[in-house]
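The values are calculated or read from the model by the stated rules, or taken from the named source; none is laboratory data. For clarity, every value in this text was computed on a predicted model and none was experimentally measured. Here Cβ is always computed from backbone atoms with ideal geometry, including for glycine, and neighbour counts include all displayed protein chains.
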Amino acid sequence: MIKRGMNVPSWRSILASVAVGIVVSMLLVGCSTTASLPPNIAMGLEGLRNEGVSLRGQVEKTVGALNEMMSKPQADLSPQYQSYTHELGILENKLAQAREQRTATQTVVREQFMSWDENLKKLKNEQTQASAAERRAATEATYSAIQQKIAELKKEWTPFNTDLNDIRQYLKSDLSKEGLQAMKPTAQRVFDQKDSVIKRLDEVIQTLDNAIKDR
């Protein structure tokens, strides 16, 4: 029974305190522990994970085509250049698909959080409120960890993707051995950056795997 004069914590204060506790726990033990996610969010993240795996494979193919052209140039460079631009085009399409999936997942997550917030306002029992708030905060912490990994990937991806596109653009008007020579420093940057990009992609995929494995 709640006595008169007692301060009953609001659902917002409960949510804030629970969220702080979960974040502190994740910092102390690492981000490997994840909560079982609502089915709609888990489904969206699984789609994003599949797009990440597909993107990873296409990075390998695109860089492989570039390496073939740079290290073993043929007398007629057109077939090798066409192979490279073909693989780069597929990479761009897969990147666009991954972005679309991320946007769709963000919409699902936002709607889920809005639904939680509305329901939290309607709960009367303090313990029920705390339990529901903990569920929401745990999901938010898991999703934030995924967003952090995606941000780290984007930082590596941007210069990598710029160099891939610059090579395609330049060779479009100078497809010659001299043109290849001019692009050697740019191509070397691509080769040097590839492992870091793959590493970041693997981290995103692993974080997504951890999030959806218990759904």
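Of all residues in the range 173-188, those that are closer than 15 Å to A65 by Cα and of a type in the set (G, A, S) have Cβ atoms under 9 Å from Cβ atoms of residues that are assigned to a helix (DSSP H, G or I) and at pLDDT 95 or above, 6 or more apart or on another chain, in A187/L66; A187/N67; A187/M69; A187/M70; A187/D163; A187/I167; A187/L180. Report yes if T85 is touching a Lys or Arg at 6+ places or on another chain (Cβ under 7 Å) and either part of a helix (DSSP H, G or I) or modelled with pLDDT of 90 or more (or both), otherwise no. The answer is yes for T85.
Can you work out which of the residues in the range 117-151 that are surrounded by fewer than 15 Cβ atoms within 10 Å (Cβ to Cβ) and among the acidic types (D, E) is farthest from R99 (Cα to Cα)? Step by step, filter the range 117-151, then rank; the result is E126.
This table checks each residue for (1) surrounded by fewer than 20 Cβ atoms within 10 Å (Cβ to Cβ); (2) at pLDDT 95 or above; (3) among the small types (G, A, S); (4) over 30 Å from F113 (Cα atoms).
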residue	(1), (2), (3), (4)
C31	yes, no, no, no
N40	yes, no, no, no
G57	yes, yes, yes, yes
G64	yes, yes, yes, yes
Y81	no, yes, no, yes
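Name the residues in the range 66-79 that are of a type in the set (D, E, K, R) and either in a helix (DSSP H, G or I) or at pLDDT below 95 (or both), would you? Give the steps one after another, and end with the answer.
Within the range 66-79, the first condition is being of a type in the set (D, E, K, R), and the residues that meet it are 68, 72, 76.
Within the range 66-79, E68 is the sole residue that qualifies.
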